[in-house]
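Asker: This structure is in structure tokens; I'll ask about it shortly.
The values are calculated or read from the model by the stated rules, or taken from the named source; none is laboratory data. Given the structure is predicted, the values throughout are model-derived calculations rather than measurements. So basically every Cβ, Gly included, is an ideal-geometry build from the backbone, and we count neighbours across all protein chains shown.
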Amino acid sequence: AIEDIVEQHPGRPEATVTGSLQRDQGDLRQMLTSAAQLWAHGTDVTWPTPAAPATLGTSLTEHVELPTYPFQRQSYWATHTTGTTDATTLGLTATAHPLLGALTELPDGGHLFTGSVSLDTQPWLADHAIADMVLLPGTAFLELALHACTELGCAEIEELTVGTALVVPEQATVQLQVTVEAPDESGCRAMSIRSQPLAADKQSHEPSVWTTHATGTLAVGSEEELDTDCAETAGRLDVWPPAQATACDVDQLYDWFAGLGYEYGPLFRGLHSAWRTEHQTYGDAHLPDEAEGKQDKPFHVHPALFDAALHAGALRSLHPHDASVDVGHASGGTGEIRLPFAWRRVRPLGAGDGTGAGALAGATSLRVRLTHLSEESFAVLLADETGAPLVQVESLTTRPLSSDQLSKAAAAALQAAPYQLEWAPLTGEAAGEEASAASWAVLEAGADLSQTSEELPVTRYADLATLLDDVSAGAPVPDTVMTVCADTGLNTQDDCQGSVAHRAHVLAEQVLGLVRGWLSEERLGGSRLVLVTRGAVAAGVGEGVADVAAATCWGLVRSAQSESPGRLVLVDAEPGGGPVSWASIQSAVGAAVVAGESQVALRGDRVLVPRLAKTGETAASPADSGLWGLGAGGTVLVTGGTGVLGAAT
């Protein structure tokens, strides 16, 4: 109430209102508290020194010394901290690049860039596949070298030779290293790009196996020399479309690429238009809208965008005489894939810090001019959407590579993976064991199966319900019951689109119902169900999966095996025509039971079981893969996973 009176006073005087006594708080403590509030607001208070009542428990004449300095407000609670993984705490220097995250200077004056690549962190790489292998494009190798060049203040990449493909695994991560040596007397710096699969076993002390993918040299030069060279050879691409150039039809270009073995996804299908003159080819490339702005750290030139720009070179190879021919119906294709082999004198031309790094980063559209120098090489000029030059390549040399050779190269590169699944023969003792079950039964008597011999009596039932009815009538429960998960006379080349997927769904539903019924029946608790497929796993050397639909049964039954060990056995018979031999299956099941195996494959007279094996210490040599050779003219190297040019000469 007193506060309301003060607020309503015309002069609004400054006043401090406090109560001396409150309900249930009328002792000396409350009086002193109120006086302290007045004193804190600037009111002079004459403090009494009465004896303390018993309720206070201390003497009012006792003074407490206060600190003569301001309160530091420092907490002494133990602070929980978590370890950080930023480059600085690891003794490295962070670099803003999607593939190379850290840099360190070596004692000898060299530098080491480190990073990693995987489909998880760089999912766009899945759009660059050749012969069913996801490969790091050649423009990505150039991007790594370009980053090292700009970070170290070099003027140009004098040369970069791609020597070995880098296969990007479906799930694993690959470590990257770009090593740049100290400058020599002329200021040039040798460099190399290496990779190693990230070890699955962190405790492994085995020596690392690094693969060298590319080598090259970084060069320095005076700004006067570079400015003169660029003015004479680079130029601009302001006039667009280029004058006196004939437009090319690119609608069917990527269909033609697919026929050669390139499997480009949307991100690498960025060439929208192209033109050509007698000696030059021009192209206009863009990144898809969904790809723009999704990279936290921009590339200098996005490898997919650079790759797409270079696709314009394929048009000249397809149609050496007529630029307007529809590439989808060209007859000049040789079934040959051409890959970048050697880059020479690659210069960033953007303005800013002299290296062009600032102008390059984050470009989403490119104009490209390819000047054809020979059957195997051409010069490249990249410009932004305004025509301002960004990157100049004095010479890019390509080499032919067939799909068969590329598959071998990719397979050799995959040998660097830490582990692989292989099918090994069962040991001689276990494989020689005969079927030990006292009684056998077969479901689905109408399947295409060989007749069992008298020495291997088998009782046949139409389905599981018929078997259970027979058991209810007093028949003994069979020790082992076999059934076929698919018709052994499969037509895997069915022309009906979607038939394999439909058949996989139907087959999985049937097997799921059978397995559920089997495991839920208590009377069958001591028996074993054997599910037979044919060609559902790639167990033989160089073998593929012949029956994709039946392969789904293996994944389904494996899950059930983990929940009900010992009750289910998977057997894959050898692909091919003719009925399945029950005698061979009985023998294989007997061997599997003795060895404690739940998954076996029959190939010829061998019983194979899956094993997780460590791959070889080194990849296949170039001579083994058939990709490199020594000819009279010197060393010829044909490898690498880039696919940026099609047939680009």
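Asker: Could you say whether any residue in region 459-472 is outside the structural domain of residue 305 (by TED's automatic domain parsing), outside any helix (DSSP H, G or I), modelled with pLDDT of 80 or more and touching a Ser or Thr at 6+ places or on another chain (Cβ under 8 Å)?
Answerer: yes
Asker: Here's a follow-up. Cβ contacts < 7 Å: first residue more than 12 Å from residue 347 (Cα to Cα) and not assigned by TED's automatic domain parsing to the domain that holds residue 160, restricted to region 380-399; second residue surrounded by fewer than 19 Cβ atoms within 10 Å (Cβ to Cβ) and among the charged types (D, E, K, R), any location; separation 6+ or different chain. Result?
Answerer: Close Cβ pairs (under 7 Å, with a partner that is surrounded by fewer than 19 Cβ atoms within 10 Å (Cβ to Cβ) and among the charged types (D, E, K, R)) amount to 383/236; 387/236; 387/238; 388/236; 397/376; 398/376.
Asker: Filter region 518-551 for residues that are among the hydroxyl-bearing types (Ser, Thr, Tyr) and either in a loop (DSSP other than H, G, I, E, B) or not assigned by TED's automatic domain parsing to the domain that holds residue 470 (or both) and give the result.
Answerer: Residues of region 518-551 that are among the hydroxyl-bearing types (Ser, Thr, Tyr), as a first pass: 520, 527, 533.
Passing the criteria: only 527.
Asker: Still on this structure: Do we have any residue at all in region 75-89 that's out of contact with any Leu (no Cβ under 9 Å at 6 or more places or on another chain) and modelled with pLDDT of 80 or more?
Answerer: No: region 75-89 contains no residue that is out of contact with any Leu (no Cβ under 9 Å at 6 or more places or on another chain) and modelled with pLDDT of 80 or more.
Asker: Another question about this same structure. Does residue 589 fit the bill of being under 18 Å from residue 501 (Cα atoms) and among the hydrophobic types (A, V, I, L, M, F, W, C)?
Answerer: no
Asker: Just name the residue that is modelled with the highest pLDDT out of those in region 306-347 that are touching a Ser or Thr at 6+ places or on another chain (Cβ under 7 Å) and among the aliphatic types (A, V, I, L, M).
Answerer: Ranking the candidates gives 342 first.
Asker: A follow-up question, please. Determine which member of the set 351, 363 is modelled with pLDDT under 60 and among the hydrophobic types (A, V, I, L, M, F, W, C).
Answerer: Only one candidate qualifies: 351.
Asker: Picking from 557, 607, 594, which residue would you name as being surrounded by 17 or more Cβ atoms within 10 Å (Cβ to Cβ), touching a helix residue (DSSP H, G or I) at 6+ places or on another chain (Cβ under 7 Å), modelled with pLDDT of 90 or more and assigned by TED's automatic domain parsing to the domain that holds residue 475?
Answerer: 557
Asker: If the requirement is being more than 24 Å from residue 302 (Cβ to Cβ), surrounded by 13 or more Cβ atoms within 10 Å (Cβ to Cβ) and of a type outside the set (D, E, K, R), which of these qualifies: 146, 142, 135, 112?
Answerer: 112
Asker: Provide a single number: the residues in region 96-123 that are of a type in the set (Asp, Glu) and not in a strand (DSSP E or B).
Answerer: Within region 96-123, residues that are of a type in the set (Asp, Glu) and not in a strand (DSSP E or B) number 2.
Asker: Now, a different point. Scan region 150-195 residue by residue and report those that are under 26 Å from the mean Cα position of the chain (by Cα), assigned to a loop (DSSP other than H, G, I, E, B) and in contact (Cβ under 8 Å) with a residue 60 or more places away in the chain.
Answerer: 163, 164, 165, 166, 169, 172, listed by residue number.
Asker: Out of all the residues in region 530-541, is one or more touching a residue at least 60 places away in the same chain (Cβ under 8 Å) and surrounded by fewer than 18 Cβ atoms within 10 Å (Cβ to Cβ)?
Answerer: Taking every residue of region 530-541 in turn, at least one turns out to be touching a residue at least 60 places away in the same chain (Cβ under 8 Å) and surrounded by fewer than 18 Cβ atoms within 10 Å (Cβ to Cβ).
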